[in-house]
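Trainee: What follows is a single structure, and I will ask about it in a moment.
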Amino acid sequence: MGREFLDLFQDWADSYDDTVTGHDVEYQAVFEHYDAILDAVAARAKGRVVEFGPGTGNLTKKLLENKLEVLPFEPSPEMREIGMQKLGDQVTFRDGDFLDFDLVGTVDSFVSSYAFHHLTDEEKGKAFEIYGKYLPRGGKIVWADTMFESDRHYQAAISAAIEKGYHNLADDLKREYYTTLDVFRALLEPRGFTVTFDQVNAFVWIMEATKQ
């Protein structure tokens, strides 16, 4: 999952939970309604669930509370350590990412929050191809992530961050691989998925793709 970004998570792991709960003013809008977003993803998941990029385990905890079988794959050793400190008595955080994970058997849902933008669009397509082979008919891919209605909206978000002096946010938006809704549709529909999008704050949408 864009392991070129792992150094960022090494530096961010200890403060990640403070960021998502609104302590960093630059990212407040990105993480607005964070807890409700995780609740919404967990509510859409079903059965045996693979979670990618669980980080410190915030979504993992919601999935476990919903009595789901969860297999979390996290490439950052620092994040895995914190996740295991929180939830190690209930689940094992495994080394893996969106494209490289060791899995036996079928899966009912793939879920992730705030992570899929670490893949290029080409890698996203490869990932969806892989997931389709695991999912039965009616199986789901449920992502909560920063995405944009169009490239114009994406460029406007960068400009707005710069105007506010939010240079870390602007750099993130320019550096990572944020995708538009139309690109997601083009990657998913030819692979046999129907897809819906629900916007939950100024940056984040929940994407739900169902295998037909």
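Trainee: So how far apart, in nm, are the two label points at Glu26 and Asp171 if each is 7 Å from Cα heading toward Cβ?
Mentor: 0.6
Trainee: Here are labelled values, (1) 49, 41, 29; (2) 43, 41, 32; (3) 157, 32, 27, and one is the computed Cα extents along the principal axes in Å for what I pasted. Which one?
Mentor: (1)
Trainee: For the pair Thr194 and Ser159, how long in nm is the line joining their label points, each one 7 Å along Cα→Cβ?
Mentor: Result: 3.7 nm between the two label points.
Trainee: Sort out the exposed loop trypsin sites (Lys or Arg not before Pro) in the chain (DSSP loop, at most 10 other Cβ within 10 Å) and tell me the longest stretch that has none.
Mentor: 138-212
Trainee: Where nothing but the Cβ of Lys and Arg (+1) and of Asp and Glu (-1) is charged, how large is the charge dipole of the chain around its Cα centre, in debye to the nearest 20?
Mentor: Approximately 1020 debye in magnitude.
Trainee: Looking at the square roots a ≥ b ≥ c of the eigenvalues of the Cα gyration tensor of the stretch 66-185, which shape do they give, rounded for a/c under 1.5, prolate if a/b is larger than b/c, or oblate?
Mentor: oblate
Trainee: A further question on this structure: Which FRET efficiency value, to the nearest 0.05, do you get for Lys46 and Asp151 by plugging their Cβ-Cβ distance into 1/(1 + (r/R0)^6) with R0 = 30 Å?
Mentor: 0.35
Trainee: A follow-up question, please. Hey, any idea what % of the stretch 64-198's accessible area is carbon plus sulfur with a 1.4 Å probe?
Mentor: Carbon and sulfur atoms account for 45 percent of the accessible area of the stretch 64-198.
Trainee: How much area per residue is accessible in the stretch 131-212 when the probe is 1.4 Å and only protein heavy atoms are counted (Å²)?
Mentor: 48
The values are calculated or read from the model by the stated rules, or taken from the named source; none is laboratory data. Nothing here was measured: the structure is a model prediction, and the numbers come from that model. With ideal geometry, Cβ positions are generated from the backbone for all residues, glycine too; neighbour counts draw on all protein chains shown. Please note that ligands, DNA and RNA were not included when accessible areas were found on the heavy atoms of the full protein model with its side chains. Shrake-Rupley method; radii C 1.70, N 1.55, O 1.52, S 1.80 Å.
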